[in-house]
Structures are given as structure tokens and as C-alpha cells.
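*Asks:* Sharing a structure below in C-alpha cells format, with a few things to ask.
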Amino acid sequence: MATLGRRALTIGLSLSLLAAGTGAAAQERWVAAYAFSPSSTAGPVGPASAPNPNDVRGPLGPEVVEGAILTQTALVTASGARVRLRLSNAHGAEPVRLGAVTIRLGDQARDVRFGGDPSPVMPGGAPLVSDPIDLPVAAMDRLKVSIALPHLTRLPTHRWRQTLRGADGVESAPMRLGALLAGIEVESATPTRAIVAFGDSITEGTGALPDGPGGWPERLAARMVEAGRPWAVINAGIGGNRLLHQGSGPSGLERLDADALTPSGARCLILLEGINDIGRPARAEYAHQAVEADDLIAAYRQVIRRAHAAGLKVVLATVPPFEGANYFKPEGEAIRQVVNAWLRDQTEADGLVDFDAALRDPAAPSRLQAAFNSGDWLHPSDAGYQAMAEAIPLSACD
């Protein structure tokens, strides 16, 4: 009887602890609501392009700063009462010594701490997650995150439109600066899941006007909010990224786990990548990295298997047309056609979005519609990004 009593007590305590743990988990429903993927200089580097003074994203800013405050605007796609920041020094060799970090929504400002420290050191090769911050946000709010860098700091290679305030207190016009803010998570009061939009510059939003609705991931997020759907959308695009090779950041296969499979609440992946794998080998410095359609198909299958193993659904997207782009060749177009045919026919993924059909010119299917061309015959215009977002069924990840 004594043995039975001890067993009963043990079972009771175990159930109590399990219930307590379940309750704690239920109280903290953190979901990724903004993302900016870290990048690196790995891989072959082509000749530097001449700075474009008319680039709508602003001029290139300095690579190294000291005594400066960087301010980045981030669109969150989930609602909740608290947020926390994720900074990243993933590809930095040296620690980054931070000054004050603040977050602002309208006239509400909060100081950010990391383990109680207002000015921590971010180790080389690692991220840094903040303490929870009491700041109620609604999906589609734009938050301003300011990071003081009092010491000499080399900024990450992946740039985003930001402002810089120097020691003189004067804030610059927006410019493209390496970004340390890699994510914002929201503690959602209701169950919310995250869709990860994964790809290259067409996912990142190159060609969309600054301070507008954004690229197709942000526009998809707005559609989800308007429809009352419980999905946040985060943008894990890197301009120039490729699935199979480094250069313009780690390859898609290399960064998949960190950028797509592990963000809080991630349950679905929409993959649009492959045009740079096809196009870049047309340039002499990348000719040794030529790919065939079968190479890309094998990469898509790897993404599907790895995402499914992590519990995510996978929605693949066809590769949009690119005739007129500076790396277009008929041989590349032939590869794109074979890849898109496989994407449409395959049954291994959980869904398909036909961006090619949404963007192509019916009279010249290897080119974008003129209204959807931002100017380089590769990146969509704002109208093109809207067409892409509308081509995605709101139930695609259900």
C-alpha cells in the first residue's frame, strides 16, 4: 500500500508539473513578426557596380561607423502586448559593443535590455535576444528601432534603408546601411502562426517604392490581416541570393534552418528562389557555377524534406520571367521553363503559387508585363508585387 501511495504521489506531482509547464507555454505565445536575414561576403564577388544616385532606396552608407545611432523601421505582422528584439552578429568575426537600444511606436518609446543590461556586448558569430518589452502593437504597425554604436563597428554586409545620427546629433536622410536588427517577435494573445517568405531580391522587395506597402510578403501580410486570418508573414529574402551557391550571403540551402525553419511560430514556408542560380553564370565571374534544371529540382526537394521534417508546410513558387535582365540568355530561359514545368507537375510540396503566370506578358511569356516591370526587367514594380500577393490563396498554408 505504501508503494502504491508513493506511486500515486509521484504521478500527481508529475501531472502538476506538466500542467504548470503547459500553462507557462500557453501564456507565452511568441511569434516571429518581422525578419531581416543576416548575410556574409562568402562566395565569388563580381565587379562592384557603380553607385546609382537615383536608387530609390537611398545612397550607400558607410561600412564602418563610430559614435553613431542607426534607426531602422520595421513592419510587424502580428498583434500583441509585448515584443522582443533579435539582433544578429551571425557573420561578424568580432564582438559588437552596443550602446543604448530603444524601440518606438508613435510617441511611445521603450528602452531595451538584454538580460537586464542596457548596453550589452554581442559576441561574434551569434545573435542576441532582448528581454520582453511591454509595448502593445497591432499587425501592420511600423516600429522604429534605434541602436547606438559608440565604438568603432563594422556593419553587417546585408544592407537596409536606415537613418544615421552622428556625434553632432544630426540625423541623415535614409541610406542603405548594414542592419543589426534581425527580427521582432510578438507575444500574441491569440494563436498566430508565421509564414516565412524565403528567397532573393524579388522576395526582399527590390523595386518596391520606399515607405510604401512593400514587396509581396508585406502585401500578403496585409491581406491576411484584412481577412482576419491567423498568419503573420516574415520576409527572409536576401538580394542576389541563390539556392545552391554562396555569394550575396549563404546559399539558400545553407541558411534554410536559421532563417526559415526555426523562427518562433513558423509553420509554413513559401519558397521563391532560383533565378540567380540560372542567371548569374551568364557572367564570367560566375561561369564556373553553372547549374542545370536537375540541380535546382534536387535543391527544391531538399527544402521540402528539411521543412517537412521541421514540421512546416512548403509552398513552392514558379520562377518569374526575366528576358531583358542584364544576365538573361536563351539557355537560362530554357532552364527556367524546365524548372517551372516540374514545379507545376510535382506533388511533393503542399502547394504551388504560379508567380510566372501572374507576372508574364501574354504576348511575350519570357518577359514581365510592362506594368509589372520596375525598370530592369527582373524586379517587379509595386503593381507587380501586388499581383504576386494576390496570386497567393489566403488558404495556401492552412
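The values are calculated or read from the model by the stated rules, or taken from the named source; none is laboratory data. Because the structure is predicted, anything quoted here is derived from the model rather than measured. Because the Cβ atoms are built from the backbone with ideal geometry, glycine has one as well, and the counts that use them run over all protein chains shown.
*Asks:* If only one of 251, 201 is among the hydroxyl-bearing types (Ser, Thr, Tyr), closer than 26 Å to residue 126 by Cβ and buried (at least 19 other Cβ atoms within 10 Å of the Cβ), which one is it?
*Replies:* On the way: 201 fails: closer than 26 Å to residue 126 by Cβ.
Just a single option satisfies the conditions, and that option is 251.
*Asks:* Quick one: which strands (runs of 3 or more DSSP E) lie wholly within the stretch 7-123 and hold at least 2 residues that are modelled with pLDDT of 80 or more, in the same structural domain as residue 176 (by TED's automatic domain parsing) and exposed (fewer than 13 other Cβ atoms within 10 Å of the Cβ)? Give the derivation first.
*Replies:* Values: elements: 30-35, 68-75, 80-88, 101-105, 108-112.
Passing ranges, in order: 108-112.
*Asks:* Picking from 348, 390, which residue would you name as being closer than 25 Å to residue 227 by Cα, at pLDDT 95 or above, acidic (Asp, Glu) and surrounded by fewer than 17 Cβ atoms within 10 Å (Cβ to Cβ)?
*Replies:* Details: 348 fails: closer than 25 Å to residue 227 by Cα.
When all the criteria are applied, what remains is 390.
*Asks:* Given the structure, is residue 315 at pLDDT 95 or above and part of a strand (DSSP E or B)?
*Replies:* On the way: at pLDDT 95 or above: yes; part of a strand (DSSP E or B): yes.
In short, yes.
*Asks:* Out of all the residues in the stretch 367-381, which are of a type outside the set (Lys, Arg) and either assigned to a loop (DSSP other than H, G, I, E, B) or buried (at least 18 other Cβ atoms within 10 Å of the Cβ) (or both)?
*Replies:* 368, 369, 372, 373, 374, 375, 376, 377, 378, 379, 380, 381
*Asks:* Another one. Starting from the stretch 313-324, take each residue that is in contact (Cβ under 8 Å) with a residue 40 or more places away in the chain and list its partners that are aromatic (Phe, Trp, Tyr) and outside any strand (DSSP E or B), counting only C-beta distances under 8 angstrom and pairs at least six apart or across chains.
*Replies:* 316/300; 317/355; 319/355; 320/355; 322/328; 322/377; 323/377; 324/377
*Asks:* Please state which of the following conditions residue 249 fails to meet, knowing it meets all the rest: (1) touching a Lys or Arg at 6+ places or on another chain (Cβ under 8 Å); (2) in a helix (DSSP H, G or I).
*Replies:* (2)
*Asks:* Specify which of the listed residues (236, 227, 221) is within 12 Å of the chain's Cα centre (by Cα) and at pLDDT 95 or above. Walk me through it before giving the result.
*Replies:* Numbers: 227 fails: within 12 Å of the chain's Cα centre (by Cα); 221 fails: within 12 Å of the chain's Cα centre (by Cα).
Only one candidate passes the filter, namely 236.
*Asks:* Right, here's the next one. Could you go through the stretch 365-372 and let me know if any residue there is at pLDDT 95 or above and within 22 Å of residue 303 (Cβ to Cβ).
*Replies:* Checked against the condition, which is being at pLDDT 95 or above and within 22 Å of residue 303 (Cβ to Cβ), the stretch 365-372 yields no hits at all.
*Asks:* Give 178, 183, 169 a once-over and let me know the one that is in contact with a His (Cβ under 7 Å, 6 or more places away or on another chain) and either at positive phi or not assigned by TED's automatic domain parsing to the domain that holds residue 373 (or both). So that I can check it myself, show each step before the final result.
*Replies:* Working: 183 fails: in contact with a His (Cβ under 7 Å, 6 or more places away or on another chain); 169 fails: in contact with a His (Cβ under 7 Å, 6 or more places away or on another chain).
Exactly one residue qualifies, and that residue is 178.
*Asks:* Is there a residue being among the polar types (S, T, N, Q) and either touching a helix residue (DSSP H, G or I) at 6+ places or on another chain (Cβ under 6 Å) or at positive phi (or both) anywhere in the stretch 324-346?
*Replies:* yes
*Asks:* Is it true that some residue in the stretch 335-343 is modelled with pLDDT of 95 or more, under 23 Å from residue 204 (Cβ atoms) and over 25 Å from the mean Cα position of the chain (by Cα)?
*Replies:* Residues of the stretch 335-343 modelled with pLDDT of 95 or more: 335-343.
From the residues that got through so far, the ones that are under 23 Å from residue 204 (Cβ atoms) too are 335-336, 339-340, 343.
Now restrict to residues that are over 25 Å from the mean Cα position of the chain (by Cα): 335.
Yes, there is a match, as at least one residue in the stretch 335-343 is modelled with pLDDT of 95 or more, under 23 Å from residue 204 (Cβ atoms) and over 25 Å from the mean Cα position of the chain (by Cα).
*Asks:* Let me ask something else. Need the failing condition index for residue 347 against (1) assigned to a helix (DSSP H, G or I); (2) free of Cβ contacts under 8 Å to residues at least 40 places away in the same chain; (3) more than 21 Å from the chain's Cα centre (by Cα), just the number.
*Replies:* (1)
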